[in-house]
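> Dropping a structure here in structure tokens format, bear with me for questions.
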Amino acid sequence: MGKVRQELPGIEFINVGYKGPDACNTHPAIYIQSSNTGCWADIGMSIEDFTGNQKLNLGVPGCTDCGTAIHELLHSMGMAHEQSRPDRDTFVEIKWDNIMSSMYSQFAKDPHADTSVDYDIMSIMHDGRFHWSNNGKETIVVKEAGYRLYTDDPGQHHRYAIGQHIMMTQNDVRQLAKMYNCTSNTICGTGRTDVRNVNNGAPSASIKACSAQARPISFTDIKA
């Protein structure tokens, strides 16, 4: 969380604590846990039930590096995978024959995804070349247009490998700032770019974070 605040000081996270095995002391909130395997989080605040807590899981081992934690946190804040953008076919090619059939949803387009910020192959939200491969072959191939944000020299393409989970790019920061339209040290809005009039158009409650019940984690405990 500190890394996100470093890039976007207008976003504030409040540790609200937890009151049970799957609930924070207040709502809406993000419940951070490490009790299950895998790295996962729901995308954005649920608009069906503002009284609940959305889960963010950082399984141990495998999910506690800083970049993975940021990736999942940005999911919770409303950012989907970069390759889910409706304009992605201009920049990357999805190799469906190489993808595990159970993971097709990870490559589905989101018609509501924001495209006002440049498509960024280096985004922390972009999956890698071999993610969810069923045969060891590439599942995502970057096209010439995908590299153009960084270089026009094909000899430099190797320097820009998709799937980096180290840090947010400038475009990640721009997109998050656009989604929340922050002008103060609080989060405004739900993080859902496809829902514009939640809460009668007024800012919703600030997103908060709490520690896990099983193996409590705070982002200050996670080292890069």
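> With unit charges on the beta carbon (Lys/Arg positive, Asp/Glu negative), name the residue among Met77, Thr26, Gln54 whose Cα is farthest towards the positive pole of the charge dipole of the range 1-94.
The Cα lying farthest towards the positive end belongs to Thr26.
> What's the local net charge at Trp40, with K and R +1, D and E -1, over the other residues with C-beta under 14 Å away?
Here the charged neighbours net out to -2.
> Reported to two decimal places, what Rg/Rh ratio describes the range 87-159 when computed on Cα atoms with Rh from the Kirkwood expression?
0.97
> Run through the range 10-92 and list the GluC sites (Glu not before Pro) located in a DSSP loop whose Cβ has at most 11 other Cβ atoms within 10 Å.
Passing sites in the range 10-92 are Glu48.
> With the Cα gyration tensor of the range 14-172 in hand, convert its eigenvalues to equivalent ellipsoid semi-axes via √(5λ) and list them largest first in whole Å.
Semi-axes, largest first: 31, 17, 15 Å.
> Along the positive direction of the dipole of the range 87-159 (beta-carbon charges: Lys, Arg +1; Asp, Glu -1; about the Cα centre), which of Ser116, His158, Ala145 reaches farthest?
Positive-most Cα among the choices belongs to His158.
> Further question on the same structure: Quick check for me: using +1 on Lys/Arg Cβ and -1 on Asp/Glu Cβ, what's the dipole size of the range 87-159 about its Cα centre, in debye to the nearest 20?
It comes to approximately 280 debye.
Every number in this text was worked out from the coordinates using simple rules, so none of it is lab data. In this text the structure is predicted, and so the values were computed from the model without any measurement. Because the Cβ atoms are built from the backbone with ideal geometry, glycine has one as well, and the counts that use them run over all protein chains shown.
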